[in-house]
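The values are calculated or read from the model by the stated rules, or taken from the named source; none is laboratory data. In this text, all values refer to a predicted model and were calculated from it rather than measured experimentally. Reconstructed Cβ throughout: ideal geometry from the backbone, glycine too, with neighbour counts over all protein chains shown. Ligands, DNA and RNA are stripped out before the accessible areas are found, and what is left, the full protein with its side chains, is counted by its heavy atoms. Shrake-Rupley method; radii C 1.70, N 1.55, O 1.52, S 1.80 Å.
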Amino acid sequence: MWYVAVAAGSFRRYATYRIATVAGVFTNTVFGFIVAYTYIALWDERPHLGGYDQAQALAFVWTAQALLATAALMGGGGLDELQERIRTGDIAVDLYRPADLQLWWLAADLGRAGLQLIGRGVVPMAVGALAFPLALPGDPLTWGCFLLSVLFGVLVSFALRYLVALASFWLLDGAGLALISGLACMFFSGMVLPLRVFPGALGEVAQVLPWAAVLQVPADVLVGARSGGALWRGLVFQAAWAVALLALGRLVQSAATRKVVVHGG
C-alpha cells in the first residue's frame, strides 16, 4: 500500500500542472499532423513500406505521439529529479526512508505515466482518428493487450532512465549521458521511423534492443502488425527486458549505496 500511495501522489502531483498538460496536448497534436502528412507522402511513394499500409502507418504516428510523454521517449520523466538529488547529495535522505529506492521511484513513475497517458495520450489519438483514416482495433481484447504492452514499455523505459540517473553517483554531471540516452531512445524506439522500415542488419539489431520494447512493440500491437503468436512473443520480449533491466538497476543501486556509505553518506 505504501507504493500505491506514492503512485497516487505522483498522479495527483502531475495533475496539478494543467497548463503544462494542455500545452503538451497541443504540441503532440501539432507534431502529429506534421509527421502524419510526411508519412502520407512517404507511403504514397512506397506503399506497404515496412509491411504497413498507410492506415497502419498513420496509426503508428498517433500512437507515438500518445506515448511520447507516457513512456518519456525523450528522457526525463521525473527521474531528472533523482539525478539532481544524487548530484546535490540529498539522495542520502532518500536512503534513510523505510522504502526501497528503486520501488519508490518506480511507483512515482507509474503514477506520472498514468496521468500522461490520460492527459496527453487520449486527446491527440482522438484528434488523429478524426482527421485521418487510422487502423485502430475494434475489439476490446486488442486494446487490453495494447495497454498491457504500454505498461511493459513504461517499465522498460523507467529501468533505462533509472540506470542513467544512477550513473550520477560516479559522474560529476549526468546531463550528457541523459541527453545521449534520450537520443538513443528516440531513434531506436521507432519514434523517428518504425523500426520495421530500417534496412538490413540495422533493422534486425534495432528490433531486439530494449528501446524497441518502449514504442515499437506497443504500436505494432495496436495497429495489428502483431497478432497471435507474434503478439505474445512481443509481450514476452518486453517483459524479459523489463525484468533484466530492473535487476541490473538493483545491482547498480547496491553498488551506488555502498559507494555512499564508503564516502560517509
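Tabulated results
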| read-out | value |
| --- | --- |
| Count of residues meeting criterion [within 24 Å of the chain's Cα centre (by Cα) and within 13 Å of V197 (Cβ to Cβ)] in region 41-63 | 7 |
| Which listed residue is among the charged types (D, E, K, R) and within 30 Å of A256 (Cα to Cα), from R46, R97 | R97 |
| Close pairs from region 1-27: first over 30 Å from P98 (Cβ atoms), partner surrounded by 13 or more Cβ atoms within 10 Å (Cβ to Cβ) and of a type in the set (V, I, T), Cβ under 9 Å, at least 6 apart | V25/V123; V25/V127 |
| Region 1-50: number of residues that are among the aromatic types (F, W, Y), closer than 14 Å to I118 by Cβ and either open to solvent by less than 40 Å² (accessible area, probe 1.4 Å) or part of a helix (DSSP H, G or I) (or both) | 2 |
| Residues of region 118-135 classified as under 21 Å from Q56 (Cβ atoms) and crowded, with 19+ Cβ neighbours inside 10 Å, total | 6 |
| Some residue of region 156-166 being without any contact (Cβ under 8 Å) to a residue 24 or more places away in the chain and of a type outside the set (V, I, T) | no |
| Residue that is nearest to V22 (Cα to Cα) [pool: residues in region 84-94 that are in a helix (DSSP H, G or I) and open to solvent by 60 Å² or more (accessible area, probe 1.4 Å)] | E84 |
| Boolean, R226 is surrounded by 14 or more Cβ atoms within 10 Å (Cβ to Cβ), touching a Gly at 6+ places or on another chain (Cβ under 6 Å) and free of Cβ contacts under 8 Å to residues at least 40 places away in the same chain | yes |
| Residue selected from region 95-107 under the condition of a type outside the set (F, W, Y) and either assigned to a loop (DSSP other than H, G, I, E, B) or open to solvent by less than 20 Å² (accessible area, probe 1.4 Å) (or both), by the criterion nearest to Y3 (Cα to Cα) | A107 |
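Conditions (1) within 14 Å of Q83 (Cα to Cα); (2) open to solvent by 40 Å² or more (accessible area, probe 1.4 Å); (3) not in a helix (DSSP H, G or I), marked per residue:
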{"position": "W143", "(1), (2), (3)": "no, yes, no"}
{"position": "L148", "(1), (2), (3)": "no, yes, no"}
{"position": "R161", "(1), (2), (3)": "yes, no, no"}
{"position": "A165", "(1), (2), (3)": "yes, no, no"}
{"position": "L172", "(1), (2), (3)": "yes, yes, yes"}
{"position": "L179", "(1), (2), (3)": "yes, yes, no"}
{"position": "C185", "(1), (2), (3)": "no, no, no"}
